[in-house]
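**Q** The structure that follows is given in the form of structure tokens.
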Amino acid sequence: MAPLAIVTLLVSCGANQSVPEPSPDPGAAAQCAALMRALPDEVADQELSTRTALTAQWGDPAIVLRCGVQPPAELKPTSRCDLLNGVGWFTIEEPAEYRFFTIGRATTVEVTVPSDHAPQADALIDLSTAVKQVAELRPCQ
């Protein structure tokens with residue numbers, strides 16, 4: 001019975017929240033693998049707490065990165081693109097968080113930053129070097 005308690009403790013300490021795992025095609029998954037290898041241990045002064053093949057979380061409430069997601073329905077060709085450290089982002093502001101999606105990359109990266117971690121752009125700046133591992137197909141316009 002003790003081994004089960006240890007496994008339960010490890011699982012519950014290793015995840016801040018349940019994060020849906022994306023299911024990208026093989027080419028996008030390869031791009032994500034390069035990004036995941038380059039992730040920093042700290043984002044917006046928050047320590048890395050959980051990492052999978054396609055997701056990562058920092059802090060509590062968690063800053064969440066997901067690689068290989070589908071672009072949001074709200075993203076249109078005329079949508080605003082904010083350029084931070086050479087990475088183009090589309091922003092969706094929600095009551096308790098901001099959701100950011102890369103624009104012009106070989107696969108879409110989503111970063112969710114709770115309002116507790118303002119200014120939210122700090123997380124994107126900290127992640128920009130890693131996100132640049134995903135090939136740019138077209139620049140932010």
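**Q** Note the angle between two axes, namely the Cα long axis of helix 121-131 and the longest principal axis of the Cα atoms of the chain, as a number of degrees from 0 to 90, rounded to the nearest 10.
**A** Once rounded, the angle reads 90 degrees.
**Q** Relative contact order for the chain: what is it in percent, counting Cα pairs under 8 Å that are at least 6 residues apart? Provide the component values of the computation, followed by the final result.
**A** Details: 241 pairs, mean separation 35.3, N = 141.
This gives 25 percent for the chain.
**Q** Sorting 138, 66 on the 10 Å Cβ count, fewest up front, what's the list? Don't skip to the answer; put the middle values down first.
**A** Details: 138 9, 66 22.
Lowest to highest Cβ neighbour count: 138, 66.
**Q** Report, to the nearest 10°, how far helix 2-13 tilts away from the longest principal axis of the Cα atoms in the chain, using its own Cα long axis and a range of 0 to 90°.
**A** Helix 2-13 and the main axis of the chain meet at about 30 degrees.
**Q** How far is helix 26-37 tilted off the main Cα axis of the chain, in degrees rounded to 10, range 0 to 90?
**A** Taking Cα atoms only, the helix is inclined about 70 degrees.
**Q** Using 0.36 nm times the number of residues separating residue 138 and residue 17, minus their current alpha carbon distance, what extension gain do you get?
**A** Values: separation 121, 0.36 × 121 = 43.56 nm, distance 3.32 nm.
Full extension from residue 138 to residue 17 adds 40.2 nm.
Read-outs throughout are calculated quantities, based only on the coordinates presented, and are distinct from any laboratory measurement. Predicted model only: the values in this text are computed from it and were never measured. Because the Cβ atoms are built from the backbone with ideal geometry, glycine has one as well, and the counts that use them run over all protein chains shown.
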